Amino acid sequence: MTSIRGVVVADDLTGANDTGHQFATRGYETTVTADTEAVTDATDVVVCNTDSRYRSPDDAAERVADAVKNHPASVVYKKIDSTLRGNLITEITAVIDAAGSDLVVVAPAFPRTNRITVSGMHLVDGTPVAATAAGRDPDKPVTDSHLPTLLSGLEYPLTGVNLPTVERGAEEFERTLRPLAATEDPVVVVCDATRDEHLESIAAAAAALDETVTYVGSGGLAQYVRLETSNAHGVLGVVGSASQQTFEQLSALNEEVVVVLDTELAVEESDTAVRDATERAIKTMRAHRTAVLTAARSSTDVKSTLEQGVDVGLTEAETRDRIASSLGSAATAIYGERQVTGVFATGGAVATQLLEQLGGTGVRLTGQTVASGVPVTRVVGGTAAGTPLITKAGAFGDEETIYNSLLYLSQYYGD
């Protein structure tokens, strides 16, 4: 099973490459394929070239639907031609149906290539698109430059958002989108945009919604689409080391992101302790986009836990194994509940437990490091395949090492 964060469905190869490039430049591992069958290699983004621009509507719809269904992802992006050629109605409909969209944001503008949308009119080099070569396309000519009119054949409610609304910024635009996303049927929102800042605001507003948003655009909007929605992603740290250096590194973090496992409970009722830690970590990640799970903040904590183990008849080794297993189980549960974009682990036993419980068969070295001796890897196999994993030996690094590792993971993925 791969860890796909986004699927892009493009109707031709050049558009697939161009749109995929927008994600790759932000650090997402991106694979372009001409096959709508499921991609089995670990990757963040799958870009499917359905080669459907000039195919029959039925054939185009089938190819698009297959691409979406075979690549379950939190974000679905329908790449359309920036001059609006192709099976627009058919392919957008197929994406909405396959993705189960609550809201569809349409913004084909690509200002860097002089494609803009004003008052619903789509312009190429300042000329209404239907009056350009796209309007004379021998197979799929663009019949109307007014985007809402062109898309009026969609069997969904459609509304336009004009430039003044977009220019008010992401927070104001989010307030416009929120009630539309909460309606029973998916609403198609056609957006004006003349500058990159407009596209950035559109993407940010859509990403802030809890509902399922499908994006429809050219390579322009793809530059700003976030693959992790605001309520469903984050960076997870798992600390199993009991070294003094690790405790100093934990002290350098914001106290609010540190979640301490109830080790007294874990020694006697591991399942209950795991559920409790998982719930607290998810709340923390929701609030801060980062949660660091640990079993101790000091050597005193470690001593207390080992004594608790003796009281219930466990050896020191058995107690340590039980705590490592609890940390691994909680981290695995968090991964299942949240879309974790990166994991940091310190302490060999915990890192091993985590990898095993996620079904990983190993890691692939990327050649990158946070610091000397702190490599960046990717998980191979299992439910977390492709997920970035940074590991660190316990008694290693300076007091900023954990902080820098978490920062690396969050910045690398564009948060």
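Structure summary
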| quantity | calculated |
| --- | --- |
| Accessible area per residue, Å², region 131-264 with all protein chains present, probe 1.4 Å | 40 |
| Relative contact order (%) - criterion: Cα under 8 Å, at least six apart; region: the chain | 15 |
| Share of carbon and sulfur in the accessible heavy-atom surface of the chain [1.4 Å probe, %] | 47 |
| Value of relative contact order over region 14-130, rounded to a whole percent, pairs C-alpha under 8 Å and six or more apart | 18 |
| Gyration tensor verdict on region 6-75 (Cα atoms; rounded if a/c is under 1.5, prolate if a/b is larger than b/c, oblate otherwise) | oblate |
| Estimated vicinal HN-Hα couplings, Hz - region 146-160 in sequence order (Karplus 6.51, -1.76, 1.60; Gly, Pro = x) | 7, 4, x, 5, 4, 9, 5, x, 5, 8, 9, x, 10, 9, x |
| Unit charges on C-beta of K, R, D, E only; dipole of region 213-366, Debye | 860 |
| Whole-number percent relative contact order across region 104-146, with pairs defined as alpha carbons under 8 Å at least 6 apart | 26 |
| Ordering of 202-208, 64-70, 284-290 by burial proxy (mean other Cβ atoms within 10 Å per residue, highest first) | 202-208, 64-70, 284-290 |
| Dipole magnitude (debye, nearest 20) for region 166-269, charges at Cβ of Lys, Arg, Asp, Glu | 480 |
| Centroid-to-centroid separation of region 131-156 and region 341-415 [C-alpha atoms, Å] | 48 |
| Packing rank of 87-97, 183-193, 305-315, where each peptide gets the mean count of other beta carbons within 10 Å, highest leading | 87-97, 183-193, 305-315 |
| Protection proxy ranking of 8-15, 75-82 - average other beta-carbon atoms within 10 Å, highest first | 75-82, 8-15 |
| Value of [θ]222 nm, deg cm²/dmol, for the chain, DSSP H segments ≥ 4, -39500 (n - 2.57) each, nearest 500 | -12000 deg cm²/dmol |
| Antiparallel DSSP beta bridges within region 1-136, as percent of all bridges there, nearest 5 | 35 |
| Global form of the chain, assessed from the alpha-carbon gyration tensor, a/c cut-off 1.5 | prolate |
| Three-way shape call for region 142-190 based on the alpha-carbon gyration tensor, with the a/c threshold at 1.5 | oblate |
| Partner lysines for K78 [C-alpha distance under 16 Å; skip if fewer than 8 residues away on the same chain] | K69 |
| Of A99, I334, T263, farthest towards positive along the dipole that unit charges on Lys, Arg, Asp, Glu beta carbons give the chain | A99 |
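The values are calculated or read from the model by the stated rules, or taken from the named source; none is laboratory data. Values in this document were obtained by computation on a predicted structure and should not be read as measured data. Because the Cβ atoms are built from the backbone with ideal geometry, glycine has one as well, and the counts that use them run over all protein chains shown. Surface accessibility is based on the protein's heavy atoms, side chains included, excluding ligands, DNA and RNA. Shrake-Rupley method; radii C 1.70, N 1.55, O 1.52, S 1.80 Å.
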